[in-house]
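We did not get these values from a lab; they are worked out from the coordinates using the rules stated. Worth saying up front: this structure is predicted, and the values here are computed from it rather than measured. Every residue, glycine as well, gets a Cβ built from its backbone with ideal geometry; the counts of neighbours run over all protein chains shown.
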Amino acid sequence: MVYTHKHPALLIMGGIFLLIGILVGTGALDGLIAYLHAGKYKGEMIWLGYILGVIGIVFGAWHLWGRHEEGDLDYYGSTVAGAIFIMLVAMIIRWFVAPYVAVLSKALGPVMGAKYLHQVLGLNYVVLGILAGIIITNTIGVPMWARNGVRLSRLGLKTGVILLGTLYSLAELQQLGKLSVVLIGFFVLGSVGLVLLLGRLRGLPNSMTGVLSAGMGVCGVSATVAASPVVKAKPVEIAYTIGTILLWGVGCMFLFPIIGNMLDMGYVQFGAWAGTGILNSAQVAGAALAYQPDGIETLKVAEIFNITRVLFLPIIVLWLALWFVKREEGNERVNVFQVIFQKFPIFVLGFILMFALSSTGIFAPPQHYKGKYFDNNIPESKLLKPEEVAVLKAEFDKVKQAKPEYAPALQRLIENRKIMSREDDALIRGLNNAKIMSKKANKLLKKAHKAVRHTAKKIKKFRQWITLLFAFGLTGLGMQITMAAIRQAGGQPLVVGGIVGTVKAVLSLIVILLFVHETI
Amino acid sequence: MSEKKPMANGSSNGDETQTIDIHEEDGFRYHRGSALSIFSSDRTEDFMALVLALLIALGVYLFVD
C-alpha cells in the first residue's frame, strides 16, 4: 500500500508558514501583533515560519510531483503532511486565536477576583489546540493525507517528556520523587484494588475487570493495551475501557484547571493533583499546561507523577497476571521477569539519561535550581531599593528570635541589597517558605532570589522545544479523540469506572490540599 | 523498520470522520481513541523518542551559546 497522497495540501501549508514568517519578519503584521499582545511570539513566528515553510514546500513538492512506491520511505515520508497540519493548527491557535480570546475576555473585565474569564476557564493555546483537534476530527474529519502524520503525536509527547529531564535539579527530583511515590503508590494500588473489588461485586467478567483496573488505575489507554494480553481481555472489553477512560480523561483535562483556578492552587499542588487524579498520561500533560500555559513548572511536577505512575505499570501488570491466573482455571503460569522486562517503559530511562547529562553541567552551570543558575553580578536596577531594605530590617529581630539559623543570610542581604552566595540563596528560600515574615517582606525575599537566578540560554532553548513538542503532541492528541471512541463507554464498566474515577479525583484533591504545599 | 501500522481506511457506521482510530482485533473493530502510533510497538516508539531527544540535545549543545 502506498501511503503518500498526491495532494497539494502540504505545499499550501508550507506556503502559509513561509508567508507568516515573511510578513512578521518585515513588520507587516506589527499592528495585528500589537493588538493581540502577541509580541512574545514574534521571534517564534519568524524562525518557525521559515523552517516549517521550507519543509512544507520541499516535501509538498515531493508529495505532489514525486514518484511514490510502497516502502519505508513512502510510509515515513507520508507523515510529514500530518505533522505540518498539526503544527499549522497548533501555531495559528497559539499565535493568533488564543491571544484574541484573551483580548475579548479582558474586554469583559475580571469575573473572579482579579482573574478574567479566559483564565478561569483555562482558554489558553493548549486547551484551544486540543479542542480544535477534537472539533476537526469530529466534524470535517482529519484529511486522509494527514492521518498517518497525526499518529506522530505521541512520539512528540514522549520526546518532550524525555527532554524535561534536562530541567530538574537533584533536590527537585528527590523531593518530588518522594512525594509522587507516596501519593501515586497509594492511589494507583488503591484504584486498581477498588476496580477489582467493584468488578467482582457487580459480576463483571475477570477479563473486563482486569483490563479496566489497569486503565483506571495506572495510565489510561497505554496501560489498557499493556494489560489486555495478561488478562485475556476481549476486544469489546478493551473498547469499553477505552471509552470510559477517554470520557473521564478528557472531561478531567478541561475540568481540573477550572477547579484549580477557582481554588487558587499553586503549581506544585495542581501538578500533583493532575498527575494523581487524571487517568490518561497525555491528558495529565494537557491539564498541567492548560493550568500554566506560559511556563512549565506545573508540567514538571505533573510529569514526575506521570513517570512514577508509568513505572508502576510493570508491577500492576504483574499483579493482574497473578490475580487472573488465580481466578481462571487452565491458564499458564506467569513469567515474572518476562512481564517486567516487556512492560518496562524505556522512555523513562531516556528521561533519567537527560537528567544525568544535565547534572554534569554541560547544558547549564551545575547546581542549578529549577533550571536557573546562581550569579549575583547584577546591575544596580536589580538590587533591593533602600525602602525595601527598610522593610526587611524592621522584621529582622522577628527572624532572629523565631529562626536564628536564617538570620546571618538575611543580615548579609540587608547589608549588600542582594543575596551573596548560593548557600545564602538556599537559606533565603527556606526563610520565604517558613512564612514567618509578612507578605510584603516575603515578596521582597522572592524578588532578591529571582534577581540572582538566571536561566542559561541552553535551558531556555530546551524549554522552548518542550513547549512546542507538547503543543504538537496535544493538538494531535485532540485529533485522535473521536466521539465514537467515547461512545464505546457504557454499561457496568462505565459505572465502575465512574465511581473509581470520581473517588480518585476527589480524594486526591483533599489529600493534596491538606498535605502538599508550595515548598518544593 | 518494515513493520507498519496500517492507516485507518474504510468507514465505521458510514461515518468517514470517525475512522482515524479504528483498530481491528479478532475480527472485531473498535476505536482506540488515543495512543495511536506510526510504529509497530511501544518499544520502537520509545527508542525513536530517545533518539530524537538526543538529537535535539546535541543541536542545543552545539549551536546555542
* Going by a ≥ b ≥ c, the root eigenvalues of the Cα gyration tensor, does region A:376-451 fall in the rounded group (a/c under 1.5), the prolate group (a/b larger than b/c) or the oblate group? -> prolate
* Structure fact -> Most exposed first, judged by fewest Cβ atoms within 10 angstrom, A:140, A:346, A:93 run A:140, A:346, A:93
* Asked: Taking only C-alpha pairs under 8 Å that are 6+ residues apart, what is the relative contact order of chain A in percent?
  -> 22
* State, as an integer percentage, the relative contact order of region A:9-151 based on alpha-carbon contacts under 8 Å between residues 6 or more apart. => 28
* **Dipole axis of the protein assembly as shown (+1 Lys, Arg; -1 Asp, Glu on Cβ), positive-most option in A:374, A:50, A:483** => A:374
* Direction-averaged shadow area of the convex hull around the Cα atoms of region A:9-151, nm²? -> 9.8
* To do: Would you please calculate the Kirkwood hydrodynamic radius of region A:67-138 over all C-alpha pairs and express it in Å, rounded to one decimal?
  => 14.4
* Asked: To the nearest 20 debye, what is the magnitude of the charge dipole of region A:367-418 about its Cα centre, counting +1 on the Cβ of each Lys and Arg and -1 on the Cβ of each Asp and Glu?
  -> 160
* Structure fact -> With N residues in chain A, Rg(alpha-carbon) / (2.2 N^0.38 Å) equals 1.06
* Karplus-derived 3J(HN,Hα), 6.51/-1.76/1.60, for each residue of region A:383-398, Hz, glycine and proline x -> 6, 5, 6, x, 5, 6, 4, 4, 4, 5, 4, 5, 10, 4, 4, 4
* Asked: Using a Förster distance of 22 Å, how high is the FRET efficiency between residue A:73 and residue B:58, based on the Cβ-Cβ distance and rounded to 0.05?
  -> 0.35
* Structure fact -> Length gained, residue A:457-residue A:405, 0.36 nm per residue minus C-alpha separation, equals 15.3 nm
* Reachable lysines from residue A:393, Cα under 28 Å, same-chain residues fewer than 8 places away excluded? -> A:372, A:382, A:385, A:403, A:418, A:435, A:439, A:440, A:443, A:446, A:447, A:450
* Structure fact -> Treating only Lys and Arg (+1) and Asp and Glu (-1) as charged, each at its beta carbon, one finds that chain A has a dipole about its Cα centre, in Debye to the nearest 20, of 860
* Taking neighbour Cβ counts within 10 Å as the exposure measure, how do A:387, B:45 sort from fewest upward? -> A:387, B:45
* Structure fact -> Plugging the Cβ-Cβ distance of residue A:178 and residue A:1 into 1/(1 + (r/R0)^6) at R0 = 35 Å yields, to the nearest 0.05, a FRET efficiency of 0.10
* **Euclidean distance between Cα centres, region A:118-159 to region A:277-313, Å** => 17
* Distance in nm between pseudo-label sites at residue A:439 and residue A:325 (7 Å out along the Cβ direction from Cα) -> 6.0
* Structure fact -> Fewest-first ordering of A:281, A:358, B:40 by Cβ atoms within 10 Å yields B:40, A:358, A:281
* **Residue-span extension gain [residue A:393 to residue A:263] - 0.36 nm each, minus C-alpha spacing** => 43.4 nm
* Could you give me the percent of Cα pairs per 5 Å distance bin for region A:87-128, shortest bin first, beginning at zero and ending with the bin that holds the maximum distance? => 6, 27, 30, 18, 12, 5, 2, 0
* Determine ³J(HN,Hα), in whole Hz, for all residues of region A:129-134 in sequence, where each value follows from phi through the Karplus function 6.51 cos²θ - 1.76 cosθ + 1.60 and θ = phi - 60°; x replaces Gly and Pro. => x, 5, 4, 4, x, 4
* Please work out the C-alpha center-to-center distance from region A:1-74 to region A:423-477 and express it in whole Å. => 34
* To do: Output ³J(HN,Hα) for region A:275-291: one whole-Hz value per residue in order, computed from phi by the Karplus curve 6.51 cos²θ - 1.76 cosθ + 1.60 with θ = phi - 60°, and x for Gly and Pro.
  => x, 8, x, 8, 6, 9, 4, 5, 5, 4, 4, x, 5, 5, 6, 5, 6
* Asked: How many Cβ atoms of partner chains, on average, are near each residue of B:36-47 if near means within 10 Å of its Cβ?
  -> 6
* **Selection from A:32, A:19, A:146, by position along the positive dipole direction of region A:9-151 (Cβ)** => A:32
